[in-house]
Amino acid sequence: IRKAQLANNLGNAYSNLNQETKALSYYKEALETRENIQNITNNELGEIHANISSSCLKLNELENAYFHFEKAKKYFLNNNPVNQLALSKIEESIGQYYIIKLDVESALKSYEHSQFLHDSILNTPAIQSGNRYLTLANLYMMPPFRDTLKGLFYLKKVNKVGSELLQLETLLFKTSILIHDKKHR
């Protein structure tokens, strides 16, 4: 168990240093070690698959990333009780995957599901919700939707978050909407 934890921690350290290839090798080592341990929890296996998928996404290995996202999601859903925070992070990462693949509709579904999970958790950090609201606003403003009302709805939710940086980003986004609208008219 300690060997698996050490490999996972080394993977996290390399990932924090943006050395994803090294991180991925340690995550895979942690997965191999943990799969041979009896009485391993779904939460632990889900965490390793989530780490692998995150590194694969950063390395642009999209199919591999998606495979591990789905595995992590399956393990987190089979955990009792369900780790909603981890599941929310997986949904957000799947949303990032879809953004890279330019599938706006699927990205929206993932981000909305992530936000729904966060809304059902008590004490969710406001900054995380604000970032998700800003992403949702951006996604609604992209083709094929171009739903300005829904985008503005999420931008209004960002304003309720206390972060000055998020409020500044919201102001810049609203300004770009107004400029685009004036050009269009």
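The values are calculated or read from the model by the stated rules, or taken from the named source; none is laboratory data. Nothing here was measured: the structure is a model prediction, and the numbers come from that model. Glycine also receives a Cβ, built like all others from the backbone with ideal geometry; neighbour counts cover every protein chain displayed. To get the accessible areas, we keep the full protein, side chains included, count just its heavy atoms, and leave off ligands, DNA and RNA. Shrake-Rupley method; radii C 1.70, N 1.55, O 1.52, S 1.80 Å.
Take the residues in region 56-84 that are more than 20 Å from I40 (Cβ to Cβ), part of a helix (DSSP H, G or I) and of a type outside the set (K, R); name whichever of them is most open to solvent (accessible area, probe 1.4 Å). Spell out the reasoning first.
Start the filter on region 56-84 by keeping residues that are more than 20 Å from I40 (Cβ to Cβ), which leaves 56-66, 84.
Right, trim to part of a helix (DSSP H, G or I) and you get 56-58, 62-66, 84.
Retained after the next criterion (residues that are of a type outside the set (K, R)): 56-57, 62-66, 84.
Numbers: C56: 0, L57: 21, L62: 33, E63: 116, N64: 52, A65: 0, Y66: 65, Q84: 67 Å².
Of everything passing the filter in region 56-84, E63 is most open to solvent (accessible area, probe 1.4 Å).
Kindly indicate whether any position in region 101-120 is touching a Ser or Thr at 6+ places or on another chain (Cβ under 8 Å), in a loop (DSSP other than H, G, I, E, B) and on the phi < 0 side of the Ramachandran plot.
Looking through region 101-120, none of the residues is touching a Ser or Thr at 6+ places or on another chain (Cβ under 8 Å), in a loop (DSSP other than H, G, I, E, B) and on the phi < 0 side of the Ramachandran plot.
Any chance you could count how many residues in region 45-73 are out of contact with any Ser or Thr (no Cβ under 9 Å at 6 or more places or on another chain) and touching a residue at least 24 places away in the same chain (Cβ under 8 Å)? Can you show your working first?
Taking region 45-73 as the starting set, the residues that turn out to be out of contact with any Ser or Thr (no Cβ under 9 Å at 6 or more places or on another chain) are 45-49, 52, 56, 60, 62-63, 73.
Then drop every residue that is not touching a residue at least 24 places away in the same chain (Cβ under 8 Å), which leaves 45-49, 52, 56, 60, 62, 73.
Of the residues in that region, 10 qualify.
Could you list, in sequence order, all residues of region 7-40 that are within 17 Å of N64 (Cβ to Cβ) and acidic (D, E)? Write out each step before concluding.
Going residue by residue through region 7-40, those that are within 17 Å of N64 (Cβ to Cβ) are 11, 15, 20-32.
Correct list: E20, E29, E32.
Looking only at region 124-151, which residues are of a type in the set (A, V, I, L, M, F, W, C) and either modelled with pLDDT of 75 or more or surrounded by 16 or more Cβ atoms within 10 Å (Cβ to Cβ) (or both)? Show your work before the answer.
Quick first cut of region 124-151, residues of a type in the set (A, V, I, L, M, F, W, C) only: 126-127, 134, 136-137, 139, 141-142, 145, 149.
Within region 124-151, L134, L136, A137, L139, M141, M142 qualify.
Yes or no: L24 touching a helix residue (DSSP H, G or I) at 6+ places or on another chain (Cβ under 7 Å) and at pLDDT 90 or above?
Values: touching a helix residue (DSSP H, G or I) at 6+ places or on another chain (Cβ under 7 Å): yes; at pLDDT 90 or above: yes.
Considered against the rule, which asks whether it is touching a helix residue (DSSP H, G or I) at 6+ places or on another chain (Cβ under 7 Å) and at pLDDT 90 or above, L24 comes out as yes.
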